[in-house]
Amino acid sequence: VSSPTMHSIDTVPDHRDITVSGDGGDLIEQVQGVPDRALSADSRFALSSSWDATLRLWDIKKGTTTSRFINHTRDVLTVAFSPDNRQIASGGRDKNLKIWNIMGECKYTVDSNAHTDWVTCVRFHQDTKNPIVVSASNDKTIKVWDNHTMTLKNTFVGHKAQITALDM
């Protein structure tokens, strides 16, 4: 039995769901409560965060989940691929910033100098010569991390309200 070929992935921002449909419009998979999604640099994979405290790695061609990442203790709000697609960053309501390999193994959880409230956005800097991860939080700070050691390089303060988005 062959698996159905994915025809589309639809998202509805107001409902934060992902619906994966096959060639004939048949429902392949539906995931509810998806605050963030990311596409790999080679467009072969997608990531989704979830209110069920997991991340999912999707095979775009097959339209199926290839891995579920389980290590957060509360809703995962944000996900990002590294420029080389070998690492994944995530953050959530458990106030944790985590670094994963693509096999779904959590390789690092930031403990030192961590955010004091929800991690609302994570992004990798696209320059591989200066690998950094940037995180934003409801604690009104933006933090810059050395991607090799996950040590804090800088904290930006001064926002009067929660920070919910970053663009790199």
I'm trying to understand the selection: among the residues of segment 65-94, which are open to solvent by 40 Å² or more (accessible area, probe 1.4 Å) and in contact (Cβ under 8 Å) with a residue 40 or more places away in the chain?
84, 87
Would you call residue 77 in contact with a Leu (Cβ under 7 Å, 6 or more places away or on another chain) and closer than 15 Å to residue 121 by Cβ?
no
Considering segment 68-98, residues that are part of a loop (DSSP other than H, G, I, E, B) and of a type in the set (Lys, Arg), and then whichever is farthest from residue 148 (Cα to Cα), we arrive at 74
Going residue by residue through segment 131-138, is there one that turns out to be touching a residue at least 40 places away in the same chain (Cβ under 8 Å), over 16 Å from the mean Cα position of the chain (by Cα) and within 21 Å of residue 42 (Cβ to Cβ)?
yes
Single unsatisfied condition, residue 9 versus (1) hydrophobic (A, V, I, L, M, F, W, C); (2) at pLDDT below 90; (3) open to solvent by less than 30 Å² (accessible area, probe 1.4 Å)
(3)
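Do you know which of the residues in segment 107-131 that are in a strand (DSSP E or B) and not basic (Lys, Arg) is most open to solvent (accessible area, probe 1.4 Å)?
108
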Of the numbered conditions (1) free of Cβ contacts under 8 Å to residues at least 40 places away in the same chain; (2) closer than 24 Å to residue 65 by Cβ; (3) in a loop (DSSP other than H, G, I, E, B), residue 104 satisfies every one except a single condition; which is it?
(1)
Of everything in segment 132-149 that's touching a Ser or Thr at 6+ places or on another chain (Cβ under 7 Å) and of a type in the set (Ser, Thr, Tyr), which residue is most open to solvent (accessible area, probe 1.4 Å)?
141
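The values are calculated or read from the model by the stated rules, or taken from the named source; none is laboratory data. Only a predicted model underlies this, so the values are computations on that prediction, with no experimental measurement involved. Note that each Cβ is placed from the backbone with ideal geometry, even for glycine, and that neighbours are counted across all protein chains shown. These area figures cover heavy atoms from the full protein model, side chains too; ligands, DNA and RNA do not enter into them. Shrake-Rupley method; radii C 1.70, N 1.55, O 1.52, S 1.80 Å.
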